[in-house]
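**Q** Dropping the structure in here first, questions after.
FYI, it's all coordinate maths here, none of it is from the lab. These figures come from a predicted structure and were not determined experimentally. A quick note on method: Cβ atoms are made from the backbone with ideal geometry, for glycine too, and the neighbour counts reach across all protein chains shown.
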Amino acid sequence: MGSVRDSFREYLSDHGLKTTRQREIILDEFLSSPSHLSAEELYLRLRSNHPNIGYATVYRTMKLLADSGIASERHFGDRQTRYEPNIGEEHHYHLICNGCGKIIEFENGAIEQLLLDVAGEHQFTLSHQRLELYGMCPDCKARK
């Protein structure tokens, strides 16, 4: 986590912003939390141990983390911006439940290769990729 913190400090310095204890607490909580949190969900996780950190600070810090490349903003159809870390992950894909909003990450080498093959057939150079599959999770299916 030290190199991520160093990267964030460098980004802040390069943009004339200060490194604050609150920003570092938010970064640490973000990196140790389950993926796909909204700023509000992260704020709620922080609130009990750090009541001096307000929602606006969390929101602005998450935007900074996204701008710095440490986090990615994701939109899964629930009208909330969610964030996931960009730290050392292989390509992964998402199953999103239309019922409860649960997000399940998965990796699949066959899908990865298929995407590369399709891009190659069209002489297309991939910069990044995103695959989101929407449906119903087993819990919601059982409730119906």
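**Q** With Rg/Rh (Cα atoms, Kirkwood Rh) defined as stated, name the option among (i) 1.03; (ii) 0.92; (iii) 0.98 computed from the structure displayed.
**A** Identified label for the calculated read-out: (i).
**Q** Gaussian network model of the chain, Cα springs within a sub-10 Å range: biggest mean-square fluctuation belongs to which of Leu65, Leu114, Leu95?
**A** Ranking Leu65, Leu114, Leu95 by mean-square fluctuation puts Leu114 first.
**Q** For the chain, what is the calculated [θ] at 222 nm in deg cm²/dmol (nearest 500), taking -39500 (n - 2.57) for each run of four or more DSSP H residues and dividing by its residue count?
**A** Working: 6 runs with 67 residues, N = 144.
It lands at -14000 deg cm²/dmol.
**Q** Per 5 Å bin from zero, what fraction in whole % of the C-alpha pairs of segment 93-143 is there, up to the bin with the longest pair?
**A** Whole-percent P(r) values from 0 Å outward: 5, 18, 22, 17, 13, 12, 8, 5, 1, 0.
**Q** With springs connecting C-alpha atoms under 10 Å apart, model the chain as a Gaussian network and identify which of Ala39, Ala71, Ala110 has the largest mean-square fluctuation.
**A** Ala110
**Q** For the chain, can you list the cysteines whose C-beta has no other cysteine C-beta under 4.7 Å from it?
**A** Cys with no partner Cβ under 4.7 Å: Cys100, Cys140.
**Q** Mind checking which lysines have their C-alpha under 26 Å from Lys141, skipping anything on the same chain fewer than 8 residues away?
**A** Correct list for Lys141: Lys102.
**Q** Simple spin-label model, 7 Å along Cα-to-Cβ: Val118 to Glu10 in nm?
**A** About 3.5 nm separates the two model spin labels.
**Q** Excluding residues on the same chain fewer than 8 positions from Lys18, give the lysines whose Cα lies under 18 Å from its Cα.
**A** Straight-line reach from Lys18, under 18 Å: Lys63.
**Q** Cβ under 10 Å from Phe8's Cβ, Phe8 left aside: what net charge do those residues give with Lys, Arg +1 and Asp, Glu -1?
**A** Details: positive: Arg5, Arg9, Arg23; negative: Asp6, Glu10, Glu24.
So the surrounding residues net to 0.
**Q** Kindly work out what percent of the DSSP beta bridges joining two residues of the chain are antiparallel, to the nearest 5.
**A** Percentage antiparallel, nearest 5: 75.
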